[in-house]
């Protein structure tokens, strides 16, 4: 394998990622493993591979699985890899749908869900959805008079609005919208400069 290919191989790439994620230096890792800095440097650039004993030590140090380091698993943690629908508190139907989506969409559905869950606003969104469901269930039970229908409809509409707002916060955190007003301003200035330049030439 060429040098560039070794550098981007799974093990060195994931080792570099873990070092960066935990803000650990090559020197610090070498000290922990009781080996030379040069040896760790070779692991990082892909020019050398650790033996099984050192691989296990690296995995334990970063609290990840050896399979993850070697690219045999996409899950860092052993516990995550063996999570069940019950552990995650989701219904069988939801778990089956995610599996189906993974097969049909090559994991797009799960990847998007993982991305959204990482947002610090996801908890607010989940709470807003729960409140909305509760409001709908309550309205079905207690909308027995004209005044109560108006009251419950107003309450449900408000909960729906809060769900939309919470979802927007999550989406905007994951994929922030560009400043369209600023982009338009820049483009208008450019167009203005272009017209001005053209008028100068025509004189």
- Query: For region 128-149, what are the residues that are under 28 Å from the mean Cα position of the chain (by Cα) and free of Cβ contacts under 8 Å to residues at least 12 places away in the same chain?
  - Reply: 130, 133
- Task: Please enumerate the residues belonging to region 122-173 that are at pLDDT below 90 and not in a helix (DSSP H, G or I).
- Result: 143, 144
- Item | Where a residue in region 41-54 is surrounded by 14 or more Cβ atoms within 10 Å (Cβ to Cβ) and its partner, wherever it lies, is in a loop (DSSP other than H, G, I, E, B), with Cβ under 8 Å and at least six apart | 42/48; 43/49; 43/50; 46/8; 46/9; 54/35
- Query: Of everything in region 10-27 that's over 24 Å from the mean Cα position of the chain (by Cα) and part of a helix (DSSP H, G or I), which residue is surrounded by the fewest Cβ atoms within 10 Å (Cβ to Cβ)?
  - Reply: 27
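Collect the residues in region 7-16 that are touching a helix residue (DSSP H, G or I) at 6+ places or on another chain (Cβ under 7 Å) and at pLDDT below 90, keeping them in residue-number order.
Narrowing region 7-16 to residues touching a helix residue (DSSP H, G or I) at 6+ places or on another chain (Cβ under 7 Å): 7, 10-12, 14-16.
Matches in region 7-16: 7, 10.
The values are calculated or read from the model by the stated rules, or taken from the named source; none is laboratory data. Bear in mind that the values here come from a model prediction, so they are computed numbers and not experimental data. Neighbour counts are summed over all protein chains in view; Cβ atoms, including those assigned to glycine, are modelled from backbone coordinates with ideal geometry.
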